[in-house]
Amino acid sequence: MRQSRQSIERELRRRILDGRYPPGSRLPLRRELLRELGASPLTLQRAMDRLGELGFIESRGTQGTFVAAKLPNRATIGLIFPGEPDRNGSWNRFWSSVLRVAEAWDEGGVTFRPYFLSDQHVDVPDHRRICADLADGGLMGVVSVSSPHYLEGSPIYDQDLPRVIIGSGKEDQVARWRSSWMDLADGGIHLTAMRRLRAAGRQRIAFLSHPSFASCPWLAQLKDIGLATRPEWWIGVPPAAAATAQPVARLLCSGPEHLRPDALLITDDNLVPYGTAGVLDAGLHPPRDISVAAHANFPAPTHAAFPCLRFGVDVEVLLHACLEELRRIEAGGKPRVRTVQRVLREA
């Protein structure tokens, strides 16, 4: 009786994982496999195509087919994004930064494999693909770049494998999702940035931010830092309307010197290109007339119209921490909450 593609695939994968076909070794000739496995040429080809897709084997033309030097169950990490990147630039810039760094990753033989899942339901092609890849042993672990609440009940979170979620998780969520959480704590980074502005001699500060900014608890500490502000200088701009930050910043920075801010904090990197352009539109010359601190995702911060102080997440550091956490769990460690601090740099 001829074997199915799945059974042939499972048998070849078992032989690879148990060391019968070690990493880097050449697989037996096709005619030998056909005779030994009782498969048709088409079924064997489909099984090998799938193993190649997962990263277990690789074809080298006339040299033959070889077992990968780094097996995917030891070196491939599933990277889950909520939704697909669009072409008009409105996709979350943090997710874009993570994807960019992950695609260029070239350390330790590790590969990140992205999956773009709907934020509304799990019945989408990439969800079926990651579930198949997990079932076929093609991933060493999974990293989700945001809370996976939209994947409640997904087989992804039933699998017995290391998982990390990037977000503000609590201990009850660690147990609920059976995953470690990477908490991107600001570590007082906004206060540190504002102290730097004050040390530069600034006295009056304005804010360009997300509309929810007014609820930030550190606003109450401005007086202790020595900075003055006004409620009308707290401007909330949603990312979808980021371009409006340019005329808003121009208006904020216009007028007599004693009636306008001499410091500006931009807490959303979507607003940075427009907010800094608006400062120049107002006729100011940073850093002589105004000092600016702005959010960034390192190592490739969004463009600013002039050099300024930048603060935010270093995505390379974050992915290193995720990889360390996956390996710790793989070695028997329990899921936990781990903090990754933000950084402050001149850029």
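Figures for the structure shown
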read-out	value
Failed condition for residue 4, given (1) more than 22 Å from residue 111 (Cβ to Cβ); (2) modelled with pLDDT of 90 or more	(2)
Hits in the stretch 180-195 - residues which are over 16 Å from the mean Cα position of the chain (by Cα) and of a type outside the set (Asp, Glu)	187, 188, 189, 190, 191, 192, 193, 194, 195
Count - residues of the stretch 256-273 that are at pLDDT 95 or above, surrounded by fewer than 22 Cβ atoms within 10 Å (Cβ to Cβ) and assigned to a helix (DSSP H, G or I)	1
Hits in the stretch 51-103 - residues which are of a type in the set (Lys, Arg), in a loop (DSSP other than H, G, I, E, B) and surrounded by 13 or more Cβ atoms within 10 Å (Cβ to Cβ)	70
Failed criterion for residue 246 (all others in (1) in contact with a strand residue (DSSP E or B) (Cβ under 9 Å, 6 or more places away or on another chain); (2) in contact (Cβ under 8 Å) with a residue 24 or more places away in the chain; (3) more than 15 Å from residue 211 (Cβ to Cβ) hold)	(1)
Members of the stretch 104-126 that are surrounded by 13 or more Cβ atoms within 10 Å (Cβ to Cβ) and outside any loop (DSSP other than H, G, I, E, B)	111, 112, 113, 114, 115, 116, 117, 126
Within the stretch 127-156, considering residues that are more than 20 Å from residue 322 (Cβ to Cβ) and of a type in the set (Gly, Ala, Ser), the one surrounded by the most Cβ atoms within 10 Å (Cβ to Cβ)	137
Subset of the stretch 7-37 [outside any helix (DSSP H, G or I) and either modelled with pLDDT of 85 or more or surrounded by 13 or more Cβ atoms within 10 Å (Cβ to Cβ) (or both)]	19, 20, 21, 22, 23, 24, 25, 26, 27, 28, 29
Failed item in (1) in contact with a strand residue (DSSP E or B) (Cβ under 8 Å, 6 or more places away or on another chain); (2) farther than 20 Å from residue 267 by Cβ; (3) outside the structural domain of residue 109 (by TED's automatic domain parsing), with residue 281 passing the rest	(1)
Whichever residue in the stretch 157-201 is closer than 16 Å to residue 127 by Cβ and either modelled with pLDDT of 95 or more or of a type in the set (Ser, Thr, Tyr) (or both) and, among such residues, is surrounded by the fewest Cβ atoms within 10 Å (Cβ to Cβ)	157
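The values are calculated or read from the model by the stated rules, or taken from the named source; none is laboratory data. A quick note: this is a predicted structure, and the numbers were derived from the prediction, not measured. Ideal geometry is used to build each Cβ from the backbone, glycine not excepted, and the neighbour counts take in all protein chains shown.
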